[in-house]
1. Of all residues in the range 81-106, which are in contact with a Leu (Cβ under 7 Å, 6 or more places away or on another chain) and basic (K, R)?
2. Go through the residues of the range 173-184 one by one and say whether even a single one is within 22 Å of S211 (Cα to Cα) and not aliphatic (A, V, I, L, M).
3. State which residue pairs qualify: first residue more than 18 Å from D71 (Cβ to Cβ) and inside the range 171-193, second residue loosely packed, with under 12 Cβ neighbours inside 10 Å and among the basic types (K, R) in any location, beta carbons under 8 Å apart, and separation of 6 or more residues or different chains.
4. Scan the range 85-105 and report the pairs whose first residue is closer than 26 Å to R224 by Cα and in contact (Cβ under 8 Å) with a residue 40 or more places away in the chain and whose second residue is surrounded by 18 or more Cβ atoms within 10 Å (Cβ to Cβ) and of a type in the set (S, T, Y), with Cβ atoms within less than 6 Å and a gap of 6+ or a chain change.
5. Identify the residue in the range 189-203 that is of a type in the set (V, I, T) and not in a helix (DSSP H, G or I) and, among all such residues, is farthest from E93 (Cα to Cα).
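We did not get these values from a lab; they are worked out from the coordinates using the rules stated. Just so it is clear, the model here is predicted, and its values are computed rather than measured. Cβ placement follows ideal geometry from the backbone for every residue including glycine, while neighbour counts extend to all protein chains displayed.
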Amino acid sequence: MAVGITTITTTIMTEFSLIRLLAWLSPAFPTGGYAYSHGLEYAVDCNDITDGDSLKIWLTDVLSNGSGRNDAILLRHAHRAATDPAALAEIVEIALATAASRERRSESLDQGKAFAAAAVAWANTGLPENAPYPVAVGALTGMHGIAEDDAAAAYLQAFTTNLISAAVRLVPLGQNAGLRVLAALEPIIVATAAETKEATLDDIGGCAFRSDLAAIRHETQYTRLFRS
């Protein structure tokens, strides 16, 4: 009888972890992510991104060598420090210090605040104040016992989906073309999640310079639909 109860309990906890992760990283979760293009709007405006192929190349670089990779590292360390307020506060400072531009900093902070406010529905979360988005996600998933690897992979998939959605509206691309890009990027998402598993906070950095410059130049772009 005890064995049966243990099995049922494990199954239920696994299902709770899954549905919470799906809810928190769903496009419907009110973080305001739809309003940000992460510099993509400038890249489209200057013809760096003109179709599905150029979008795939751009996002591959962002995921492997830019902010996607950095966010995954920050998320993993926040997940491990979920019950250590001092360590979380240090990770918040590092995340803010390594933002590549004013808009990148604002994008991450605003979504982090919105995420923390919405997550109160799952009881008082105890998330650090002014936590950038990946730090807030990492801390909350850690507090709720969601597996770190699952959280990192799901975050990167949601990050990628949001940028593809922005490109579908900006280029414009058809929905099917956007989905083909998402499917093609699955190996990159999985590889980035795996590569960051052993990364330290000292490994934060990158060489996706075109993406960082696009975020900086977006600040003064004449016509803008997105906030970043």
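1. First pass over the range 81-106, keeping only residues in contact with a Leu (Cβ under 7 Å, 6 or more places away or on another chain): 81, 91, 94-95, 105.
Scanning the range 81-106 gives a single hit, R105.
2. Checked the range 173-184: at least one residue is within 22 Å of S211 (Cα to Cα) and not aliphatic (A, V, I, L, M).
3. Between residues of the range 171-193 that are more than 18 Å from D71 (Cβ to Cβ) and residues that are loosely packed, with under 12 Cβ neighbours inside 10 Å and among the basic types (K, R), there is no close pair.
4. Taking only residues 6 or more apart or on different chains, the pairs are E103/S228.
5. T196
Each row is one residue, and each column tells you yes or no for (1) touching a Phe, Trp or Tyr at 6+ places or on another chain (Cβ under 7 Å); (2) surrounded by 24 or more Cβ atoms within 10 Å (Cβ to Cβ); (3) of a type in the set (D, E).
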{"site": "S67", "(1), (2), (3)": "no, yes, no"}
{"site": "S101", "(1), (2), (3)": "no, no, no"}
{"site": "R105", "(1), (2), (3)": "no, no, no"}
{"site": "S108", "(1), (2), (3)": "yes, yes, no"}
{"site": "G126", "(1), (2), (3)": "no, no, no"}
{"site": "Y133", "(1), (2), (3)": "yes, yes, no"}
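Conditions tested, residue by residue: (1) surrounded by fewer than 23 Cβ atoms within 10 Å (Cβ to Cβ); (2) touching a residue at least 12 places away in the same chain (Cβ under 8 Å).
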position	(1), (2)
S165	yes, yes
V168	yes, no
K197	yes, yes
D202	yes, no
R210	yes, yes
H218	no, yes
